[in-house]
1. For A:H90, all conditions in the list (1) surrounded by fewer than 19 Cβ atoms within 10 Å (Cβ to Cβ); (2) more than 19 Å from B:S95 (Cα to Cα); (3) at pLDDT below 95 hold save one; what is the number of the exception?
2. If you check B:Q81 against the conditions, is it farther than 19 Å from A:C77 by Cα and either modelled with pLDDT of 95 or more or aromatic (F, W, Y) (or both)?
3. So, of the residues in segment A:54-73 that are open to solvent by 30 Å² or more (accessible area, probe 1.4 Å) and touching a strand residue (DSSP E or B) at 6+ places or on another chain (Cβ under 9 Å), which turns out to be nearest to the other protein chains (Cβ to nearest Cβ)?
4. If A:S47 satisfies every condition in (1) within 10 Å of another protein chain (Cβ to nearest Cβ); (2) open to solvent by less than 30 Å² (accessible area, probe 1.4 Å) but one, which is the exception?
5. Hey, B:A104 hits all of (1) of a type in the set (A, V, I, L, M); (2) open to solvent by less than 40 Å² (accessible area, probe 1.4 Å); (3) free of Cβ contacts under 8 Å to residues at least 12 places away in the same chain but one; which does it fall short on?
6. Within segment B:79-107, work out how many residues are in a strand (DSSP E or B) and of a type in the set (V, I, T).
7. Cβ-Cβ under 8 Å, sequence separation 6+ or interchain: first residue in segment B:1-29 and more than 10 Å from chain A (Cβ to nearest Cβ), partner of a type in the set (A, V, I, L, M, F, W, C) and open to solvent by 50 Å² or more (accessible area, probe 1.4 Å). Which pairs?
8. For the structure I just gave you, tell me whether A:A33 is assigned to a loop (DSSP other than H, G, I, E, B) and within 14 Å of chain B (Cβ to nearest Cβ).
2 protein chains.
Amino acid sequence: MIQLKFRDGLIPVVVQDTKTRDILMVAYANEEAIELTRATGFAHYYSRSRNKIWKKGEESGHFQHVVQILVDCDEDCLVYQVEQAGAACHTGYPSCFYRTLDGAVISERAFDPESVYKNKSSEK
Amino acid sequence: MIQLKFRDGLIPVVVQDTKTRDILMVAYANEEAIELTRATGFAHYYSRSRNKIWKKGEESGHFQHVVQILVDCDEDCLVYQVEQAGAACHTGYPSCFYRTLDGAVISERAFDPESVYKNKSSEK
């Protein structure tokens, strides 16, 4: 396994859908989250706001099966290539990148977030 | 324009090829780099190691024409969707993500870096 460069114990992870090839989200992982991802086959991250490891989908059921993990030339960034259950974004859009920088929405909601999340702030 | 959240003045930028849909690289931008990108149509970033703005391709000629800029739900990460001239990675691979976490190379070099970069460390 390649020796990764962490910054404050964390490394950014870009998540890409293997089917649509859309960029779904960007999150952060620590060493333990990467180990859990490799051991279980499901995407785990480290929440900077909640200061804990989280498994994507633990509340929403929108798990990410990780098909392959890529690393960049500088060894300080990862790509998780995933099969996404449901939708990646807590807003209900398939991808967190559902708007242009000018604010135009370029996507359609896949689910109603009110009906999926009991606590809206819990899975971000 | 959406009000972005910068961390230490920077925001991560994921770069995606509009044709192959590959994730090409991850870099950082400050407000000025984003403004230059919007004004010129070519990707600009902020180098954390050199502490200055850089235009991708300024030395290699491998410019990135930015077709669209997306922002995520948290407004703390961008995607530049680009038409990539040449190859994105200074190693000569089309994408910086040319290896799996186990070190297997999953891509082929598009150019010889020795012949493109006079100073190998200059465009990273």
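1. The number of the failed condition is (1).
2. In short, no.
3. First, the residues of segment A:54-73 that are open to solvent by 30 Å² or more (accessible area, probe 1.4 Å): A:55, A:58-59, A:61, A:63, A:65, A:67-68.
Those left that are additionally touching a strand residue (DSSP E or B) at 6+ places or on another chain (Cβ under 9 Å): A:55, A:63, A:65, A:67-68.
Numbers: A:K55: 18, A:F63: 19, A:H65: 16, A:V67: 11, A:Q68: 6 Å.
If we take residues in segment A:54-73 being open to solvent by 30 Å² or more (accessible area, probe 1.4 Å) and touching a strand residue (DSSP E or B) at 6+ places or on another chain (Cβ under 9 Å), then A:Q68 is nearest to the other protein chains (Cβ to nearest Cβ).
4. Answer for A:S47: the failing condition is (1).
5. Here B:A104 meets the rest and fails (2).
6. Applying the first criterion (in a strand (DSSP E or B)) to segment B:79-107 yields B:79-84, B:99-100, B:105.
From the residues that got through so far, the ones that are of a type in the set (V, I, T) too are B:79, B:82, B:100, B:105.
Counting residues in segment B:79-107 that are in a strand (DSSP E or B) and of a type in the set (V, I, T) gives 4.
7. Going by the 8 Å Cβ cut-off, the qualifying pairs are B:T18/B:V67.
8. no
The values are calculated or read from the model by the stated rules, or taken from the named source; none is laboratory data. If you're wondering where the values come from, they're calculated on a predicted model, not measured in any experiment. Note: ideal-geometry Cβ built from the backbone for every residue, glycine included; neighbour counts use all protein chains shown. Surface accessibility is based on the protein's heavy atoms, side chains included, excluding ligands, DNA and RNA. Shrake-Rupley method; radii C 1.70, N 1.55, O 1.52, S 1.80 Å.
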